[in-house]
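Asker: I am attaching a structure below and will ask some questions about it afterwards.
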Amino acid sequence: MDSKNKINDTLKKHLKGVADSTIENLSDRLGAQSVERTWLMMDFGASLAGYSLRLAVEFLRAAPEIAKYTDNNDVRKWSEIGKRLASTSTDVAIEFFQSSVAVLAPLTPAQRSQILDLVNKQSTLSASIALESFRSATAIIKELPNEAEANEILEICYEIARHSVKHSSDLLKEAPVVTAHLHKLDGGSGLTDKALKLTMAFAFRSGGTAAEFFSALPEVLSTDDSGSYLRLFEHTSMFLERGGGVALQYFRAAGIVLNNAGLNAFERWTLLCQSVAAQGNAASYHFLKASPKIITDLTAQAGKQKASELINGVLEIVEEVGQKNTDAAVECFKASPQALHSASLQQFREWALRGIGLYAKSTRRAQAYYALESKSSQDTLQAVDGGLTLESIAQTLRLYVEGLTGRVFVIAPLTAIPDEAKIGDGRTIHLPSVVAEFPTEAENFRLYKVLAAHAAGQVEFETYATNTPELSAALTDVIQTFVTDPRKVAQTIEQKIKEEQERAANQKDSSKKKTRQNGNGTALQNIDFSRILREFPYPGVATRIFATIENGRIDRRLRYAYRGIRRDLDFVRERLIQRRPSITDVPPQMLLFELLFQIALCGGASDEARMHFGKIITLLEDTVESHINSPTASVADTVIATLRVYEMLEKQPDQEQSKEGEGNENQQDSEGEESSSADATTGEGKDAADGTDPLSFWTVDQLSDSSQEEKTSALFETTESPEQDLEPGDKAFYYDEWDRELSDYRTKWCRVIQRRSTRGSRQFVEKTRSHYAGVISSIRYQFQLLKLESLRRVYNELDGEDFDLQSVIQYIVDRRTTGKVSERLYIRKLRRERDVAVGFLLDMSSSTARTVGRHPKQPYTKPGQRIIDIEKEGLVLMSEALEAVGDAYAMYGFTSEGRHNVKFYVIKEFGEQYSAEVERRIGGISYQNNTRLGAAIRHSAAHLQKESARTKLLIILSDGRPYDHDYGDTRYAREDTKMALRQARISGITPFCITIEREGEDQLKDMYGEVGYTIIDNVLSLPERLPGIYRRLTT
Amino acid sequence: MREQAIEKYKQTHEPFYISTANETDLFLAAHKTKLPVMLKGPTGCGKTRFVEYMAWRLNRPLITVACHEDLSATDLVGRYLLEGEDTVWHDGPLTTAVKNGAICYLDEVVEARKDTIVLIHPLTDDRRILPVEKLGIILEAPDEFMLVVSYNPGYQSVVKDLKQSTRQRFVSLEFDYPSVTNEIAIVAREGGIDEATARDLVVIGQKVRNLKGHGLEEGVSTRLLVYAAQLISKGIPAQSACEVAIMSPITDDNELQRSIREIITTVI
């Protein structure tokens, strides 16, 4: 009683203003404990009262309860946490105390202690997160599979909390999901245990990364191959020695490799990683970052089924290269998706090996080689004798198919060779990027031809037909087959019609569709083969059957329609037959597909198959041939044949049991017992279609592959100025650039953006005109003289429109005197025109903003002129001259900001009238950025090339040396310019450069020496001299 | 003597022609009403053959002038030539046609020079006269005279387009390649080959015509198909006949040639 009063008094003292009854209540509860604890609590309560009375009350209310479950040490910890929280926010602290009992009561003493430790740690950094973890802890722990793991996870969280509170709470939150996933995979392999150990190692090594690792687990471990994942953990823990970040990145990338390409590829790739890692963390970081994209690109290219094969192949080559040079290995791995777009693995290997030597010469050169930037690199890739590439014959094939069908197609590459032509969307033809099936190019081409002919056949023989009466009938047939109750058939169809109508109605344009009547009711709309295939109970299986039979139908119809293609079809068929697996090796669930394939596309089943499965083959053959072997078989016939085969598959169990035995003697009897396995087959069929068998290459919806391929773009363009977005109306062109050091072109290196010039005011032109009025009139006069009469009389012709009187007189005189006469008596009128097209290329770089011509002695009120303005004046005078003479001309200007942004302004195009609009554009010319001269010359030359004139001139107005961001040193830029000029000249254009750069004539000579050039000393005289120069050039 | 000279322009036997629509009736009506006719259509689709056939139907001589860039007015109307001591006037083809009431057919009229084309203007309206400047006379065309020009819109070059003032003087008949059945009959008959082979050739023709606009300026003409057929009938293997008569003439582009070759080997 004494002690209770004491407690009461003390409480009253510290908790002034708290109701007596509350204090009474509290002291009752406190008093029920040992004295030591009571005073411990009283002491704490008193200190908390300093923050808030309510807080102290809450504490004192909860404390005796907590004390029931915990020892003194934990009570102290608990109190400390509350106090620390209170220092941030009393509300949080109050909540903490209020929730404490509910959280701690259900746990084991060890867990309580751990939780308190964890929250204690967290609370030092973030009160709110600490509270959150604390409140959710119990629920989470209850969700965890067992106590040991819970303890381990709490321990990990504690470890992480030393570095990052956020991460530790994240990990705690994810724990139930992740561990559940791990347990699912585990199967006694110790996966979960290893995963937790590794997480712990992460936590020790680098804190927060552990949480990221932990949360990545479910995504990375996505298949049930726990064995491989254990290997993955081992490797990851090795990487952990290099740092948490690298290890985490390795883990993520490795997961993608493992899941896409299997264990073998993974091991190879890891070896590569390790050799890269030896070069330091920056290198491995870069490599690991790039890897997932490379792997997914390769996967997309090969299609899911063949990805593993392809990636393994690539890594094998990379490994081989890596034995000689690690850098080369990494680079060629990076280049592999791009390279394999247009080359076979064999070519890729040769190419990769040939590049190694370049490192000895120059790293830069080697990098360019492996990035496939240099032309010789691309040539090497193609030149290696590795079969025929699609790239080299795509145009021929495209025209071939367009010729056969009269439709426009896109040809898209595939990295794997399909056994059957893919049934796509009727607009895109998917062909393998390389064919090396046969020793000679001609034979490889025949394979391409057959695949292309099949694609054309799909169009010509209407695989994609819609809404034909035959298809409608086929649809009804299919529905009838699978709706067992005959009365329901009509109902089902009606219901479907209704559904479709509703859908159509939703699509707004329903009015037309709805009103279309057919027979006694409304018909189903948009019936095509895929629509019908969806009606099968297992569309995947039906699709597969359909594909094979449809290919068979196309094959037959091609044979009926075109005599010539039979030779090629036979040739390829021969190959297909050779490649058929032995029928006894075919897995049972694939058996029917294999037989069907042989019947549909190989001209009948093999003798071996016939021996084993004679009866079913006869059946299949009858079905297939009776439907599709006719010169008029349509896609509907294929659908019906598909239905029949599908039914056979359902009724006729696969016969693997009997195949080992005595052929087909007991198949009839075994029907009953094996029907269950037939179901298994059909069920599995859908998976099989996505599986690994080469036959299953085909699926209707595989189009997604190709869209991914397009995304495969240059991976590592980081250091250069980025591509700027195009404005509306812009057109982009790509040009090669000459690299002096490589002695080779960098392909498609510069992007030239062509855009209409900005409009300024006409004032500039008018001012120039009035300023040069005298000069202009004399220029006009001179140029008009240049203009030839369109008809010229030619005398002394053998034949012509009229007699030449002089010649006739001479003729008569000659005849009378010598008897020797000249027959050339006629005058002929000949048309002769000036046939000149000229393009002016104006340097608009910012260096043209320089002012020249102010005489030092003249006052500043009379400023000089900017070079660009002088150039513009030159253009004005030139256009006067050109209008007078009537030559075709164009005016362009250019600036550049790095190789991706060479801007090419069209001031006046060939064939465009010299109008007020053009005058405004001249007025609008202004200066900016740099001078990537080579690209601009190439683009102008491309414009001139289109002109039919006999003389083509390209006049370049520049103020000096070319320069741009990534345009190398001056020498590089000069060499590129020189090369561009040389190219232009070879293509029949006469370039001429007018420059006002006075310094470094040697360099100018080097750059322009091969073509004509002139240096204008007195810049101000440029406008007047320009027409003169032009006249000299063209007469 | 003049009469005999014009006789050589008469069609002695019926040219083989399959009418595809009502073009013969239209032509006859135009002749009756003295309207000039313009035949439009791709090269080698049978325009010339049609005129020959119509000349035979109307029993008129047919004088054909292939127009070219340097074809002058003198070339059409006539000129003085020195013959011994004399200068003798020689009628040009157009003058001959007018004098004899023949059908004058100016093939590929766009090719002719603009100043030459103007010359036919007075002949093509209701005046129907031909002024012969050098002789100082004006010839009036008899009722039987008819002017026919052909024009291939496929060229569509800006330089070579007929002026509206010229175009609008003609009744215009559109021609196109014959239908498949007709073309098979034509190729079989003209080329002297059996129908199956003719069918193959026509199928090739159809496929190659699909390429028009995708690289080919113009599809392969019926004439070329007939050439191929004629070569085949003389014992040349079908494939090489097609290559020399179909593939090579229509394009120089290597890839295109290869595509066409593949089409040929697909069909034959």
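Asker: Using θ = phi - 60° and the Karplus form 6.51 cos²θ - 1.76 cosθ + 1.60, what ³J(HN,Hα) does each residue of region B:16-28 get, whole Hz, x for Gly and Pro?
Answerer: In residue order, the calculated couplings are 6, 8, 9, 6, 9, 9, 9, 5, 5, 4, 4, 5, 4 Hz.
Asker: So, one more: Charges only on Cβ, +1 for Lys and Arg, -1 for Asp and Glu: so what's the dipole of the protein assembly as shown about the Cα centre, in debye to the nearest 20?
Answerer: The calculation lands at about 5000 debye.
Asker: Now, a different point. Percent of Cα-Cα pairs more than 47 Å apart in the protein assembly as shown, please.
Answerer: 62 percent
Asker: Hey, fewest Cβ within 10 Å first, where do B:Ser150, A:Ser168, A:Ser926, A:Ser987 land in order?
Answerer: Lowest count first: A:Ser987, A:Ser926, B:Ser150, A:Ser168.
Asker: Would you mind computing the Rg to Rh ratio of region A:532-594 from its alpha-carbon coordinates, Kirkwood style for Rh?
Answerer: 1.07
Asker: Using a 10 Å cut-off around each Cβ, can you sort B:Lys47, B:Lys99, A:Lys731 from fewest to most neighbouring Cβ atoms?
Answerer: Ranked by crowding around the Cβ, least crowded first: A:Lys731, B:Lys99, B:Lys47.
Asker: Over all distinct alpha-carbon pairs, what is the Kirkwood Rh of region B:53-128 in angstrom?
Answerer: After inverting the pairwise mean of 1/r, the radius is 13.5 Å.
Asker: Along the three principal axes, how long is region A:49-138 when you take its alpha carbons, biggest first, rounded to the nearest angstrom?
Answerer: Taking the Cα atoms of region A:49-138, the three principal extents are 32, 26, 20 Å.
Asker: With the cut-off at 23 Å, report for region B:111-268 the share of all Cα pairs above it, as a whole percent.
Answerer: 53 percent
Asker: Separate question: Based on the Cα gyration tensor of chain B, what are the three equivalent ellipsoid semi-axes, each the root of five times an eigenvalue, rounded to whole Å and given largest first?
Answerer: 37, 20, 18
Asker: Average partner chain C-beta neighbours within 10 Å, per residue of A:558-569?
Answerer: That average works out to 4.
Asker: Could you count how many Lys pairs in region B:1-124 have their Cα atoms under 23 Å apart, skipping same-chain pairs fewer than 8 positions apart?
Answerer: 13
Asker: For region A:1-117, what ratio Rg/Rh do Cα atoms give with a Kirkwood hydrodynamic radius?
Answerer: Expressed as Rg/Rh, it is 0.95.
Asker: Can you tell me the Rg and Dmax of region A:300-363, counting just the alpha carbons, in angstroms?
Answerer: Rg and Dmax of region A:300-363, Cα atoms, are 11.8, 41 Å.
Asker: Please give the direction-averaged projected area of the C-alpha convex hull for region A:40-99, in square nanometres with one decimal.
Answerer: 3.3 nm²
Asker: Here's something else I'd like to know. On alpha carbon coordinates alone, what is the Rg over Rh value for region A:519-643, Rh being the Kirkwood radius?
Answerer: Dividing the radius of gyration by the Kirkwood radius yields 1.02.
Asker: Taking other Cβ within 10 Å of each residue's Cβ, how do A:Tyr914, A:Tyr772 sort, fewest first?
Answerer: Ascending Cβ contact count within 10 Å gives the list A:Tyr914, A:Tyr772.
Asker: Output the Cα-based Rg and Dmax of region A:954-1018 in Å, rounding Rg to one decimal and Dmax to a whole number.
Answerer: 11.4, 33
Asker: Nearest 500 deg cm²/dmol is fine: what mean residue ellipticity at 222 nm does chain B get from its DSSP H runs of n ≥ 4 alone, each adding -39,500 (n - 2.57), divided by its residue count?
Answerer: -12000 deg cm²/dmol
Readers should treat all values here as calculations from the given coordinates under stated rules, not as data from a laboratory. Just so it is clear, the model here is predicted, and its values are computed rather than measured. Every residue, glycine among them, receives a Cβ derived from its backbone with ideal geometry; neighbour counts consider all protein chains shown.
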